[in-house]
């Protein structure tokens, strides 16, 4: 029975003068895409399907070249590309604070079109249908579906039985903590680590392979902890010994390493990025 791995593209080069679908990967994004190749499940992929947006195609091409597989790219235009990000063409590029406010409303009101954006419920049904089609297409090996964080989060919420994520940190945390979702027609397995981290870091993935319910409990606890950052983004302890801007939040036996943007001790916080979730028993000073 094939497994579908949904992979969200990493960091992009933001350019307000360029249409969002034409943004490519940044240097960090390309490095993360190549680091993904160290994952143990990569060798099981027999088919790579990508959204037609440039950043997704560039991510998929890294995987395709490594596996000597041709990347199947969805049609370029949105109406023919079922894997595209939620359609935000009505507003185009928005500065981060404005984007966050609209995205918050988008996820919290799935049956409404916020400022002309595609409705969350429609985007969710679209990506679910595409994943189901990919699993049903057959072929040798598993399938990698390379797409976007917004629809990827909607996919994750659907698989978890949730309809919305009312606070910005909840959907952002979902996309950051779980950028790879492994699915089959019999089970759903979630990883709580970015796919560019060493396989040895995937503690929750190992728990999940042994006990799905236990893994779900871990995930729910981590998600609830992450959501607290929406109201108290600086509640974590500063850990400059790990990384200058790192903060740490404990949810035993794991620790959540995150950053605030801007990295200041006062004033408004525009963004919270959860960088890693690791076993608290590790030597954190040795993290790379």
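Read the figures in this text as sums done on the coordinates, not as results from a lab. Since the structure is predicted, the reported quantities are computational estimates derived from the model, not experimental observations. Here Cβ is always computed from backbone atoms with ideal geometry, including for glycine, and neighbour counts include all displayed protein chains.
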**Message:** Could you work out how much longer the chain between residue 140 and residue 105 gets when fully extended? Use 0.36 nm per residue separation minus the Cα distance between them, nm to one decimal.
**Reply:** 8.5 nm
**Fill in**
Between residue 122 and residue 44, the FRET efficiency computed from the C-beta separation at R0 = 35 Å comes out, to the nearest 0.05, as 0.65
**Request:** Consider all pairwise Cα distances in the stretch 1-66 and report the whole-number % of them above 20 Å.
**Result:** 28
**Message:** Under a crude label model (7 Å from the Cα following the beta-carbon direction), how far is residue 263 from residue 234 in nanometres?
**Reply:** 1.5
